[in-house]
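Written below as structure tokens is the structure these notes are about.
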Amino acid sequence: MISAGGVPIPADASDIHYVTENGSARVSFLSNQMPDYLHRAGLVPEGESLFDKNYGGAYGLGQDDGELPEGLCGPALKGPAWSYYVPGPGPGVDILVERAPIAYDTFRAPARVIATFNIR
């Protein structure tokens, strides 16, 4: 079982790539189950909007631009994207998820995800 920040990645995850470096890890994958994953990871409380600015925000990435952190192989994350973060003290988990290019209150289907977390 592969987990990102202690939470198993979605069962439907595919095209999985990862890299570890200097006490952090990045996992990239595709999934159609992002709402469930974000709730299980504790990034968005159950019943709250997935696009509530209390839990994340728009990520500065153009629609035609792609982003792939150094050392991580595979397809790049494309914009628009939404960034989630764990508030307060903890292991430091950041999740970037591709949003739909037209309806900004939904994800692509499937959505590319890049999860970055501390492993120390």
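The values are calculated or read from the model by the stated rules, or taken from the named source; none is laboratory data. Note that this is a predicted model, so its numbers are computed, not measured. A quick note on method: Cβ atoms are made from the backbone with ideal geometry, for glycine too, and the neighbour counts reach across all protein chains shown. Just the protein is used for accessible areas: all its heavy atoms, side chains included, with ligands, DNA and RNA removed. Shrake-Rupley method; radii C 1.70, N 1.55, O 1.52, S 1.80 Å.
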Can we say Val113 is modelled with pLDDT of 85 or more, touching a helix residue (DSSP H, G or I) at 6+ places or on another chain (Cβ under 6 Å) and surrounded by 13 or more Cβ atoms within 10 Å (Cβ to Cβ)?
-> no
Residue check: is Glu46 charged (D, E, K, R), crowded, with 19+ Cβ neighbours inside 10 Å and at pLDDT 85 or above?
-> no
Please give the number of the condition Ala76 fails out of (1) among the small types (Gly, Ala, Ser); (2) more than 20 Å from Ala109 (Cβ to Cβ); (3) at pLDDT 65 or above.
-> (2)
In segment 49-73, what residues are open to solvent by 60 Å² or more (accessible area, probe 1.4 Å), part of a loop (DSSP other than H, G, I, E, B) and at pLDDT 85 or above?
-> Ser49, Lys53, Asn54
